[in-house]
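Let me begin by presenting the structure, written as structure tokens, before commenting on it.
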Amino acid sequence: MFETLFANTGDLNSLILRVVLGLVIFPHGAQKLFGWFGGYGFKGTMGFFTGTMKLPAVVAFLVIIGESFGSLALILGLFTRFTAVSIAIILLGAALLVHKENGFFMNWYGAQKGEGYEFHILAIGAALLLTITGAGSYSLDQLIFSL
């Protein structure tokens, strides 16, 4: 009984974390790539990133693709470590370049100019955990690389 209670199998943990993080990140990527959920789409986002934010076009492109397809790859457990560290880097960039000036807290009550970076810290932690643990058994990584 105690063995079951204290057993440490990471397969289900990795599955849950991958799917949840992927589902949370996907709408942000879909805003940037497709214009869904009130986003500006690919052209508008590229214009904002390269014009207003002065990011190199290749970085802007990688952010859009990383959030869009990276989130789907996480859900499927495909190239999980690479995808997770990529998402962590994207979120770190967003926290430092966009959200840092708004402080720590999210804009829960509409009292501040924009959103803080607390979400980013949480999501970066989840992505780093997946970078360390990998996708687990319930993943395309496991299926592909066990052949």
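When you scan segment 43-57, how many residues do you find that are of a type in the set (Val, Ile, Thr) and closer than 16 Å to Gly29 by Cα?
1
Pick out the one residue from Ala57, Ala135, Ala127 that is touching a Ser or Thr at 6+ places or on another chain (Cβ under 6 Å) and either crowded, with 20+ Cβ neighbours inside 10 Å or modelled with pLDDT under 95 (or both).
Step by step, each of Ala57, Ala135, Ala127 is checked, and only Ala135 is touching a Ser or Thr at 6+ places or on another chain (Cβ under 6 Å) and either crowded, with 20+ Cβ neighbours inside 10 Å or modelled with pLDDT under 95 (or both).
Return the pair list, or none, for Cβ contacts closer than 9 Å from residues in segment 68-80 that are more than 17 Å from Leu129 (Cβ to Cβ) to residues that are not β-branched (Val, Ile, Thr) and not in a helix (DSSP H, G or I), at least 6 apart or on different chains.
Leu72/Leu78; Leu76/Ala135; Leu76/Ser139; Leu78/Ala135; Leu78/Ser139
Suppose we filter Thr50, Thr45, Thr131 for residues that are among the β-branched types (Val, Ile, Thr), under 30 Å from Asn13 (Cα atoms) and part of a helix (DSSP H, G or I); which single one remains?
On the way: Thr50 fails: under 30 Å from Asn13 (Cα atoms); Thr45 fails: under 30 Å from Asn13 (Cα atoms).
When all the criteria are applied, what remains is Thr131.
For segment 6-29, which residues satisfy the criterion of being aliphatic (A, V, I, L, M) and surrounded by fewer than 18 Cβ atoms within 10 Å (Cβ to Cβ)?
Ala7, Leu12, Leu15, Ile16, Val19, Val20, Leu23, Val24
Condition check: modelled with pLDDT of 95 or more, in a loop (DSSP other than H, G, I, E, B) and among the charged types (D, E, K, R). Does Lys113 satisfy that? Working first, answer last.
Details: modelled with pLDDT of 95 or more: no; in a loop (DSSP other than H, G, I, E, B): yes; among the charged types (D, E, K, R): yes.
When the stated conditions are applied, Lys113 does not pass them.
Conditions first: (1) among the hydroxyl-bearing types (Ser, Thr, Tyr); (2) surrounded by 13 or more Cβ atoms within 10 Å (Cβ to Cβ); (3) without any contact (Cβ under 8 Å) to a residue 40 or more places away in the chain. Tyr109 passes all but one, so which condition is the exception?
If we test Tyr109 against (1) among the hydroxyl-bearing types (Ser, Thr, Tyr); (2) surrounded by 13 or more Cβ atoms within 10 Å (Cβ to Cβ); (3) without any contact (Cβ under 8 Å) to a residue 40 or more places away in the chain, just (2) comes out false.
Take the residues in segment 74-106 that are surrounded by fewer than 20 Cβ atoms within 10 Å (Cβ to Cβ) and not in a helix (DSSP H, G or I), then tell me which one is modelled with the lowest pLDDT.
Looking at the filtered set, the residue picked out is Met106.
The values are calculated or read from the model by the stated rules, or taken from the named source; none is laboratory data. Remember, predicted model here, so these are calculated numbers, not experimental data. Reconstructed Cβ throughout: ideal geometry from the backbone, glycine too, with neighbour counts over all protein chains shown.
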